[in-house]
Amino acid sequence: KKTFHPTSVEIASLSGGYNDDGKPGDDGVVVYLRPLDDDGDVLKAAGEIRIQLYDLSASPGSTLIGEYVFPVEDARKLWYGKLMTQHYTLHCPWKHGPPKSTELTVRATFVDYLTQRVISTQRPVTVKLPG
């Protein structure tokens, strides 16, 4: 192979609720997303990123509680590459107030700019509710 491109994506284990306002309860979910090549190495790759948040304990038809699209033009400034970590940092604030459950499922979809390959993954995360 002469080119390197992402073949999978990984939601890092530190992904989960974040608190911006200092008040009890998280204000959304932060997703640390890493594009990986065939060898499992992290690649800084250009692409569109879509994050979907699901509360699987909600009633059928209302489990999707938020959808966030980060266009390829914005992705570069969301990249964090330092000594021990490389990832996209994606803040996803609540769209309709906090969820009912502390357990959410994050689904991440990455569309590689070069190959147009669509790569998805999902992972459960924990959030803190107010009160």
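The values are calculated or read from the model by the stated rules, or taken from the named source; none is laboratory data. Quantities reported herein were computed from a predicted structural model and do not represent experimental measurements. Cβ atoms come from the backbone with ideal geometry, glycine included; neighbour counts cover every protein chain shown. Quick note on the areas: whole protein, heavy atoms, side chains included, nothing else; ligands and nucleic acids left out. Shrake-Rupley method; radii C 1.70, N 1.55, O 1.52, S 1.80 Å.
Things to note:
- Other residues whose C-beta falls under 9 angstrom from the C-beta of Q86 contribute a net charge of +3, scoring Lys and Arg +1 and Asp and Glu -1.
- Pairwise centroid distance, computed over Cα atoms, of the stretch 1-63 with the stretch 79-104, Å: 7 Å
- Accessible area in square angstrom per residue, the stretch 1-117, 1.4 angstrom probe: 59 Å²
- Cα principal axis extents for the chain, largest first, Å: 54, 34, 25
- Residues whose placed amide H lies under 5 Å from that of A45, excluding near-sequence neighbours: none
- Most mobile of D74, D27, D38 in a GNM of the chain (Cα contacts under 10 Å): D38
- Note on the chain: GNM, Cα springs under 10 Å; of P93, P35, P24, the largest mean-square fluctuation is that of P24.
- The rule of thumb for compact globular proteins, 2.2 N^0.38 Å, goes into the C-alpha radius of gyration of the stretch 1-53 1.48 times.
- Figure legend: label point modelled 7 angstrom from the Cα of W79 along Cα→Cβ; residues of the stretch 1-40 with amide N under 20 Å from it are 2-12, 31-40.
- Exposed loop sites here mean trypsin sites (Lys or Arg not before Pro) with a DSSP loop assignment and at most 12 other beta-carbon atoms within 10 Å; the chain contains its longest site-free run at 3-94.
- Fluctuation leader among S62, S13, S101 - the chain, Gaussian network, Cα springs under 10 angstrom: S62
- ³J(HN,Hα), Karplus 6.51/-1.76/1.60, whole Hz, each residue of the stretch 11-24, x for Gly, Pro: 8, 5, 5, 7, 4, x, x, 10, 10, 9, 9, x, 7, x
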